[in-house]
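The values are calculated or read from the model by the stated rules, or taken from the named source; none is laboratory data. Note that the structure is predicted; figures quoted are calculated from it, not measured. Quick reminder, even Gly has a Cβ in these numbers, built from the backbone with ideal geometry, and neighbours come from all protein chains shown.
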Amino acid sequence: MNMDRNVGLSASHTPYRRTPYRRALVVGKFCPLHLGHMHLIQSAIDASSEVLVISYTKPAFTGLGRARREAWLRELFPGVRSLVVDDASLGDLCARRGLRPRKLPHNDEDAAVHRQFTAWLCHAICETTVDAVFTSEDYGDGFAVALSAYFGERFPGSAPVRHVQVDLARAAVPISGTRIRDNPHLHRQFMHPAVYASFVERICLLGGESSGKTTLAGALAARLDTQWVPEVGREHWEERGGALGYADMRLIAEGQVAREDVLARQARQWLVCDGSALTTVFYSLDGFGRVDPVVRRLAEQPYAFTFVCAPDFAFVQDGTRRDAGFRQRQHRWYCSVLEARGIPFMVLDGRVAQRMDAVCRLLNRGAGR
């Protein structure tokens, strides 16, 4: 067996430099990945030629699944080899390597079980060994002994695994995953923006032309002390003088979603979105009679809350809009599509203050769900 292969794992290797350790191991749930975890991983990077990060948890935590944790590690530590597994992905890896299927141990299992399981992941799944394990826990010495025994039994003469303890007192980063899960918005300063964005709930405002949704988006974001995402399609329309083609529909939808992702990192608990890729679906159908599959897929992105602004005041022509009849058709289309998709939504009517009050009442009720 080639002990340095990295089949099926996200990985890249740092350039060679003179460091105390050849290959270091960091293990954690990372639910969520916070600055304390990042300090630990960076300490391993600084002291090692290569770093292997392993993450698993059973049971899983809502909203903190394998794919999300894997994405965080990939973005924030691109030079680190990472293995994030759940039962399903581990089953796939075992099948690809011709190994007997195996399940994750429960979080409450004895420490010895987890140590043996982690050593097996290094050896059988990652096809490697380590010579150091970095932890911020007092169990690290025993962990290193167990790893040394496992590797020594299979590779006689291998060097013992050293334990490197980092910030046991949590002086550098005084936080824990449990505290963050209890109230992620209160502890947002202990997360990288890329991680905190996963806790931001997105509010989608839909509505026909001249239905007040852009005005509402700005006012609502101000009340919630957060960010709002402008309608990217409107920006393209103005930049192109209204000369938009079918290919622009995909650019607009992709731009809308990308803008949301950027602003979610700057938001505070909520992100207010003036329209969505569903808006692009409507205009693509209206203007070209067809919709790019990518646009349709992007329009399936879920939102925590969806609101449709009612056309219940006089139509205002700003030089780019159609007419009141078109606005009414848009409104009916949004409502019918949302109903057909089984997406809960609320129609907002009245003045801006009245609409904001209705939104905030629903947000406050939803905050405890």
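Some observations on this one:
- Annotation: residue 205 fulfils all but one of (1) assigned by TED's automatic domain parsing to the domain that holds residue 31; (2) under 19 Å from residue 302 (Cα atoms); the unmet one is (1).
- Note on the stretch 257-300: residues that are in a helix (DSSP H, G or I) and among the basic types (Lys, Arg) total 3.
- For the stretch 287-296, the condition of being more than 24 Å from residue 359 (Cα to Cα), under 25 Å from the mean Cα position of the chain (by Cα) and crowded, with 21+ Cβ neighbours inside 10 Å holds for at least one residue.
- Per-region count, the stretch 155-178, residues assigned to a helix (DSSP H, G or I) and surrounded by 14 or more Cβ atoms within 10 Å (Cβ to Cβ): 1
- Meeting the requirement of 3 or more residues that are out of contact with any Ser or Thr (no Cβ under 8 Å at 6 or more places or on another chain) and modelled with pLDDT of 95 or more, the helices (runs of 4 or more DSSP H) wholly within the stretch 179-242 are 193-196, 213-224.
- Total residues in the stretch 334-358 satisfying the condition of being touching a helix residue (DSSP H, G or I) at 6+ places or on another chain (Cβ under 6 Å) and assigned to a helix (DSSP H, G or I): the figure is 3.
- Subset of the stretch 218-249 that is in contact with a Gly (Cβ under 9 Å, 6 or more places away or on another chain) and surrounded by 21 or more Cβ atoms within 10 Å (Cβ to Cβ) - its residue that is farthest from residue 363 (Cα to Cα): 249
- Taken over the stretch 321-348, the residue count meeting the criterion of being on the phi < 0 side of the Ramachandran plot and modelled with pLDDT of 95 or more is 17.
- Close pairs from the stretch 321-335: first assigned by TED's automatic domain parsing to the domain that holds residue 214, partner among the β-branched types (Val, Ile, Thr), Cβ under 8 Å, at least 6 apart: 331/308; 334/308; 335/308; 335/347
- Residue count for the stretch 54-108, restricted to those that are surrounded by fewer than 16 Cβ atoms within 10 Å (Cβ to Cβ), in contact (Cβ under 8 Å) with a residue 12 or more places away in the chain and among the basic types (Lys, Arg): 5
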